[in-house]
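Structure first, then comments.
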């Protein structure tokens with residue numbers, strides 16, 4: 001597979017890691033459809049990169065099915081799906097306000113884990129219809145976990161559980177889809193300069209960056225996008241999780 005001939009759907013593509021990936025793919029000739037809840041910024045990013053936009057709730061089956069249908073109509077096919085949509089709460093299991101609200105835990109799992117699987121399964125069904133390349137390849141799914149899946153911190157029970165689920169389904173999904181020629185990979189980012197982190201005080205950003213062994217800085221979302229692009233083109237990568245974190249191990 002080559003980026004120049006890729007037709008990609010990218011969730012969370014209106015900002016952060018998803019936007020950086022959408023821009024990188026488009027710069028290298030890929031067709032891109034952004035799936036995002038943000039009906040204001042999403043269309044602007046899509047127009048900027050010459051792509052398409054579908055307002056999407058990744059937790060809703062009908063919403064994703066409609067977005068996948070729109071993507072196929074606009075691009076002709078889907079050969080890559082990158083799942084970047086996600087949320088994070090900082091809530092302890094039991095805090096000063098009492099036990100962790102169950103709805104916050106469920107919402108995190110629904111968006112980060114169920115939403116990822118929802119998009120993946122429907123995108124994979126479309127990929128299975130593609131004519132195979134000489135090595136049998138029909139598509140690739142790239143999911144987003146986090147180093148929190150391995151090194152979850154205080155207040156990250158919901159987030160770490162959701163991302164641990166993404167890690168856990170990587171290999172079985174790759175095995176499920178092997179006969180169709182669809183690969184499944186997961187990227188586990190460390191601390192990246194996303195809009196959420198960019199809103200923190202400069203002093204806090206510097207403290208976070210100082211914990212990264214090498215290079216001692218926050219990750220650039222464009223680095224995530226470049227890695228996603230590499231995965232698309234490196235056809236022997238399958239069923240694995242790649243950490244991109246500057247060797248950071250949270251304590």
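The values are calculated or read from the model by the stated rules, or taken from the named source; none is laboratory data. Quantities reported herein were computed from a predicted structural model and do not represent experimental measurements. Counting neighbours? That spans all protein chains shown, and the Cβs are built from the backbone with ideal geometry, glycine included.
Annotations for the structure displayed:
- Extreme residue, nearest to residue 16 (Cα to Cα), among residues of the stretch 196-225 that are in contact with a helix residue (DSSP H, G or I) (Cβ under 6 Å, 6 or more places away or on another chain) and assigned to a helix (DSSP H, G or I): 221
- Subset of the stretch 226-239 (residues that are in contact with a helix residue (DSSP H, G or I) (Cβ under 7 Å, 6 or more places away or on another chain) and part of a loop (DSSP other than H, G, I, E, B)): 237, 238, 239
- Among residues of the stretch 173-195, those that are in contact with a strand residue (DSSP E or B) (Cβ under 9 Å, 6 or more places away or on another chain), closer than 25 Å to residue 87 by Cβ and not in a loop (DSSP other than H, G, I, E, B), counted: 8
- Verdict on residue 47 being within 22 Å of residue 180 (Cα to Cα) and out of contact with any helix residue (DSSP H, G or I) (no Cβ under 8 Å at 6 or more places or on another chain): no
- Residues located in the stretch 144-170, provided they are in contact with a helix residue (DSSP H, G or I) (Cβ under 6 Å, 6 or more places away or on another chain) and assigned to a strand (DSSP E or B): 156
- Some residue of the stretch 10-24 being surrounded by fewer than 17 Cβ atoms within 10 Å (Cβ to Cβ), in contact with a strand residue (DSSP E or B) (Cβ under 7 Å, 6 or more places away or on another chain) and modelled with pLDDT of 95 or more: no
- Positions within the stretch 1-35 being more than 19 Å from the chain's Cα centre (by Cα) and either in a helix (DSSP H, G or I) or farther than 17 Å from residue 81 by Cα (or both), in sequence order: 4, 5
- When every residue of the stretch 187-196 is checked against the conditions, none turns out to be at pLDDT 95 or above and surrounded by fewer than 20 Cβ atoms within 10 Å (Cβ to Cβ).
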